[in-house]
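Nothing in this text is a laboratory measurement; each read-out follows from the coordinates by a stated rule. Please read these numbers as outputs of a predicted model, since none were measured by experiment. For neighbour counting, all protein chains shown are included, and Cβ atoms are generated from backbone atoms with ideal geometry for every residue, glycine included.
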Amino acid sequence: ARITLRQLLDHAAERGYGVPAFNINNMEQGLAIMEAAASCDAPVIIQASRGARSYANDIMLAKMIDALEEMYPQIPLCLHLDHGNEEATCATAIRYGFTSVMMDGSLKADAKTAADYDYNVDITRRVVDMAHWVGASVEGELGVLGSLEHGGGEQEDGHGVEGTISHDQLLTDPDQAVEFVRATKVDALAIAMGTSHGAYKFTRKPDGEILAMRVVEEIHTRLPNTHLVMHGSSSVPQPLQDMFNQFGGEMPQTWGVPVEEIVRGIKHGVRKVNIDTDCRLAMAAAFRKVAVQSKSEFDPRKFLKPAMDALRELCRDRFEQFGTAGNA
Ligand code: G3H
Ligand code: 13P
Ligand code: ZN
């Protein structure tokens, strides 16, 4: 059954669990995510980016979610727009059956100025007004996703590049978070604690310097009733990197967000955990294995089936680790 982000995260907060939000672009990902959820009785957040919407087409995406819902009627399912960039993008998503949208007013901010903050409050508030009229939820974002390791916009030698953002400016400011939630009435708030999108988050296993989980704890203390969202939460597991490289891939050694750090976040108000890179890597490593081991193979299903199996295992691991399992 389709539910809103608010309904799902309220339940998660009550019971103290977190919910992974997996990105979807195609049928195989949809099937794998739902098979995983059904196998461990977990509610799901499936999210589609603007890229996914143009890749798969809104009509195809919408009907695919309808089909998944019909196949798994017992699983609570939230369909969420990932990184909406303007009001129209959010409005059209809701029209296609999304029960939740992210209005990412931090996208436009290349530096954290007062004008950027005002813009973010303003547009997020307008999207909240619109979405709440029709019963959809809204996630806002405050702060800038980016590497603390490289000093944000700074170069690796520590010398700042002109016009870029300093270390502290990347992290969400707790006072500003309180004000932002009050002013916008968002249902969930994405905050920045040093993660970034993609595979190359950290060049070493992150410590508290480069992955600032203390920010999560501080914001949760100030906003105990606000559902927090972590973006860039792929762990980029070593076994997947190894498998990808074993079968001809060329991925330089990298570190993601350790699962135990996410679990720590879940103890401090994190309810939605965005994961896309791990899903991509699991599927791509499986494709590579087939390509290398079965050189005469040309039936796409022979590539896609192992990829779905790998994605299903990854999703199941996260449902178990975040405590989502058993809460459908
Ligand atoms: O935030 C980014 C997500 O991983 C989605 O990526 O925009 O390439 O679909 P995408
Ligand atoms: P990853 O790149 O770490 O998977 O993050 C995905 C994300 O934040 C989508 O919004
Ligand atoms: Zn994101």
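Distance from the Cα centre of the range 169-210 to that of the range 10-41, in angstrom?
22
Step by step: find N for the chain, compute 2.2 N^0.38 Å, then divide the Cα radius of gyration by it. What's the final number?
0.97
Looking at the range 5-321, what % of its DSSP beta bridges pair antiparallel, to the nearest 5?
Here the share of antiparallel DSSP bridges comes out near 5 percent.
Run the helix sum for the chain: -39,500 (n - 2.57) per DSSP H stretch of 4+ residues, divided by residue count, reported at 222 nm to the nearest 500 deg cm²/dmol.
When only DSSP H runs of four or more count, the value is -15000 deg cm²/dmol.
Would you work out the relative contact order for the chain, in percent, from Cα pairs under 8 angstrom that are 6 or more residues apart?
Contact order relative to length: 22 percent.
Quick one: compute the contact order of the range 191-277, relative version, from alpha carbon pairs under 8 angstrom and 6+ residues apart, as a percent.
Relative contact order here is 43 percent.
What order, most packed first, do the peptides 205-212, 180-187 have when packing is the mean number of other Cβ atoms within 10 Å of each residue?
Going from most to least packed, we get 180-187, 205-212.
Label-point separation (nm) for TYR96 and ASP242, each offset 7 Å from Cα along Cα-to-Cβ?
Label at TYR96, label at ASP242, 3.9 nm between them.
Please report CYS40, CYS78 as a ranked list, fewest other C-beta atoms within 10 angstrom at the top and most at the bottom.
CYS40, CYS78
Can you give the FRET efficiency to the nearest 0.05 for LYS185 and VAL263, using r as the Cβ-Cβ distance and R₀ = 22 Å?
0.15
Given that compact globular proteins tend to follow 2.2 N^0.38 Å, what is the ratio of the alpha-carbon Rg of the range 76-119 to that value?
With N residues counted in the range 76-119, Rg over 2.2 N^0.38 Å equals 1.35.
Taking H placed 1.01 Å from N in the peptide plane, check which residues at least 5 places from THR324 or on another chain put their amide H under 5 Å from its amide H.
For THR324, the qualifying residues are GLY18.
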